[in-house]
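Next up is a structure, given as structure tokens.
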Amino acid sequence: MSITTRRYAHDLHNLALQDDKLDVYFDTLNQVNERLNLDSELAAYIDSTTISTSDKKDRLQKAFNNTLDNDVLTTFFIMNNAINQKHTELLLIQDFLAYYYRIKGIGFGVVYSVRPLEKEHIEKLEVAIGNELEQKVVLENKLDESLIGGFKIVINNNVWDGSYRSKLKDLKSSLLAKDEDFEASTREMSQSIKQQIDTFEKQRVNVQTSATIGYVTSVADGIVNISGVFEAMSEELLSIGDSVAMVMNLEEDNVGAVLLSDAGNVVEGSQVVATGRVVEVPVGDALLGRVVDALGNPIDGKGVIKTYEYAPIEKTAPGVIERQSVHQPLETGLKIIDSMIPIGKGQRELIIGDRQTGKTAIAIDAILNQQGKNVKCIYVAIGQKNSTVAQIVEKLKQNGAMAYTTVVVAGASEPAALQYIAPYSGCSISEYWMNQGQDVLIVYDDLSKHAVAYRTLSLLLKRPPGREAYPGDVFYLHSRLLERSGKLSADLGGGSSTALPIVETQAGDISAYIPTNVISITDGQIFLQTELFNSGIRPAVDSGLSVSRVGSSAQTQAMKKVSSSLKLDLAQYREVLDFAQFGTDLDVATKQTINRGQHLTELLKQPQYSPVAMEDMVMILFANQKGLIDQIPLRMVKYYEQSLLLEMHSSYPEIVEEIRNEKDISLELEERMYAVMKEHSEKYRITEM
Ligand code: ATP
Ligand code: MG
């Protein structure tokens with residue numbers, strides 16, 4: 001039923017009324033309708049779009065033996081053509097009938113059945129449904145084989161479905177419902193299985209791909225390879241059971257870490273937890289007088305370090321703006337160094353030389369000399385025998401230097417990882433004081449062993465080896481460490497960190513990889529010679545190869561004045577020394593040069609653990625500068641030096657005082673001092689004779 005046909009059905013109804021033939025119309029079309037409902041062949045013929053209206057009329061008349069009202073049929077087909085739509089004949093008839101019944105107050109419905117129903121059966125149904133709907137009901141019978149059996153009544157908006165199809169449908173739906181139950185249950189089951197699988201996956205996923213959790217895939221030689229911990233940072237601490245490791249390699253699907261403790265029970269498959277912290281060390285005054293390991297744990301048996309402050313071991317070095325140039329002296333108390341290779345606060349001065357040439361001795365003397373000078377000291381021992389370190393600590397203690405010193409130890413027996421981080425730990429400890437505006441002296445003893453430890457780690461981590469099998473970033477290893485030392489600007493408190501890195505050479509070869517690297521990073525080097533050391537010239541500083549690039553601006557005026565010619569004197573002496581071995585026939589000038597050099601060399605010898613105060617050094621060098629020592633027999637120089645200082649301190653304390661306070665030698669003082677010293681020298685010579 002379409003809206004269009006309904007409207008035309010209404011018009012057809014009006015035409016019937018106009019003709020006053022409504023009942024004829026109804027009767028005719030009702031007959032046609034009944035016949036078409038049961039005769040599908042005829043229905044198809046009437047509903048055809050290719051057959052002409054007259055043919056359809058003829059066929060209908062023929063089917064009804066020409067009993068149908070011809071005018072009604074003509075009006076009907078004209079009306080139907082007016083609709084100008086296909087397949088409207090049957091609809092128009094039904095709409096007309098429906099309209100007719102509605103006007104008459106009769107319910108009009110259709111009873112669908114597989115086979116045509118008997119008239120009496122339809123009447124029975126009409127009565128039954130009429131009773132139900134409390135109105136007269138007319139049912140027309142239509143065939144529908146899909147019903148299988150039984151019948152279905154559609155009237156107005158009501159449907160009585162007694163067809164087998166619907167019964168089967170019910171059965172099916174009930175069966176389906178059961179199916180659904182079954183399915184639901186099976187789905188539930190598979191769901192739970194899937195869930196189990198999911199959670200199982202997740203558990204596995206947790207282990208494998210979590211940001212903070214992973215597991216050990218391999219462990220060997222202190223190197224742990226880890227799957228997982230994808231958000232691990234470089235140098236982050238990882239907790240593996242009772243052990244700790246530090247992240248070194250961050251690869252796409254693997255994290256390489258180095259164990260900072262014994263492998264313990266770290267095995268393949270051990271769970272790894274990222275701590276979210278990079279390696280830190282305790283910092284602060286509580287560390288003074290303490291001996292700690294590379295992680296800041298006390299190893300001196302004096303109990304916990306009472307500090308709540310920690311600093312990461314790696315930090316960005318202060319930039320240029322944050323620094324100022326080195327301008328204050330850091331006195332080592334060693335005559336040869338303070339006079340010729342002066343070190344300033346914030347300077348990085350390399351101590352370089354073969355094994356057993358007194359490198360450590362120079363650094364320790366420098367520490368001892370800081371007594372009462374308000375300079376905190378840190379001695380970082382890398383890869384050394386514990387007994388050696390113990391001796392050093394003992395010496396520092398004996399000389400009262402432990403009061404202002406911290407010793408950081410990563411011994412030769414410690415894992416390479418600890419040897420690797422030890423200098424950075426020490427540096428962080430020093431940085432704390434530097435940032436507070438204090439002065440710090442830090443000794444790295446030594447960076448060759450540090451580089452070797454790093455090389456070990458790198459090779460174990462399968463990083464490509466470069467020159468001398470060191471990894472490519474070995475320069476950065478030391479540059480980032482030493483760059484952290486320096487003199488901070490006044491705005492930042494003016495603190496300083498003076499670094500004395502030590503590098504061991506092989507057979508005096510300073511052009512090897514690590515030595516050249518560190519030489520280029522530092523502000524100068526103190527080069528120690530085995531020959532000098534063995535010939536008794538100790539400290540065995542080679543004044544020709546040693547240099548301090550920034551220290552002279554930090555030297556006191558007094559020291560500058562008395563030491564200006566030293567280097568030249570020694571250089572000239574070395575030059576002519578070779579000739580002197582051959583002939584005795586030397587001219588006066590050469591003899592003088594040799595004499596001066598010999599005396600100077602003798603004067604600059606200095607035993608261990610006996611730092612000389614600046615004022616004393618100035619006085620001795622003053623005497624030398626004025627030529628007062630040249631006349632002293634060589635073997636007496638040491639005694640002369642002692643007696644001169646004794647004399648000055650006891651008889652002329654005001655001179656000593658003045659130098660110490662003024663840090664300069666005025667012309668007047670110079671004269672006074674010369675007079676006094678000349679007198680002493682004379683006395684000395686006479687005594688000698
Ligand atoms: P290594 O390469 O083993 O670290 P090193 O270069 O650090 O050695 P030191 O340990 O400082 O050398 O010194 C070697 C030896 O020389 C020590 O026995 C030390 O006592 C002695 N020595 C160092 N300096 C002096 C000095 N100025 N006077 C006398 N002896 C010294
Ligand atoms: Mg040493």
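Laboratory data are not the source of any read-out in this text; all were calculated from the coordinates shown. Not measured: the values here are computed from a predicted model. A quick note on method: Cβ atoms are made from the backbone with ideal geometry, for glycine too, and the neighbour counts reach across all protein chains shown.
Which value, in debye to the nearest 20, describes the size of the charge dipole of the chain about its Cα centre when Lys and Arg Cβ atoms bear +1, Asp and Glu Cβ atoms bear -1, and nothing else is charged?
Magnitude of the dipole: close to 940 debye.
Of ALA613, SER563, ALA589, which is farthest on the positive side of the dipole of region 558-659, counting Cα position, with +1 on Lys and Arg Cβ, -1 on Asp and Glu Cβ, and the Cα centre as origin?
The listed residue farthest towards the positive side: ALA589.
Which of rounded, prolate, oblate describes the chain, given a ≥ b ≥ c as roots of the alpha-carbon gyration tensor eigenvalues and a/c under 1.5 marking rounded, otherwise prolate only if a/b is larger than b/c?
The shape class here is prolate.
Ok, one more. Let a ≥ b ≥ c be the square roots of the eigenvalues of the Cα gyration tensor of region 488-608; is it rounded (a/c under 1.5), or, if not, prolate (a/b larger than b/c) or oblate?
In terms of gyration-tensor shape, oblate.
Please state the relative contact order of the chain as a whole percent: Cα pairs under 8 Å, 6+ residues apart?
For the chain, the relative contact order is 10 percent.
Between their Cα atoms, which of LYS335/LYS683; LYS567/LYS638; LYS397/LYS449; LYS373/LYS591; LYS449/LYS638 are more than 31 Å away from each other?
Those over the limit are LYS373/LYS591; LYS449/LYS638.
How compact and how long is region 1-154, expressed as Rg and Dmax of its alpha-carbon atoms in Å?
For region 1-154, the Cα radius of gyration and maximum Cα-Cα distance read 15.4, 45 Å.
Provide, for region 1-118, the number of lysine pairs with alpha carbons under 24 Å apart, each pair being eight or more places apart or on different chains.
Here the count comes out as 7.
Sticking with this structure for a sec: What does the C-alpha gyration tensor say about the overall shape of region 442-540? Classify as rounded when a/c is under 1.5, otherwise prolate if a/b is larger than b/c, or oblate.
oblate
To the nearest 20 Debye, how big is the dipole of region 472-554 about its Cα centre, given +1 on the beta carbon of each Lys and Arg and -1 on that of each Asp and Glu?
That gives region 472-554 a dipole magnitude of about 200 debye.
Report ³J(HN,Hα) in whole Hz for each residue of region 213-226, in order, from the Karplus equation J = 6.51 cos²θ - 1.76 cosθ + 1.60 where θ = phi - 60°; Gly and Pro get x.
Karplus-based 3J(HN,Hα) across region 213-226 equals 10, x, 9, 6, 9, 7, 9, 6, 6, x, 10, 10, 9, 10 Hz.
Also: If the chain between ALA211 and GLU231 were fully stretched, how many nm would it gain, using 0.36 nm times the residue separation less the Cα-Cα distance?
That works out to 6.7 nm of additional length.
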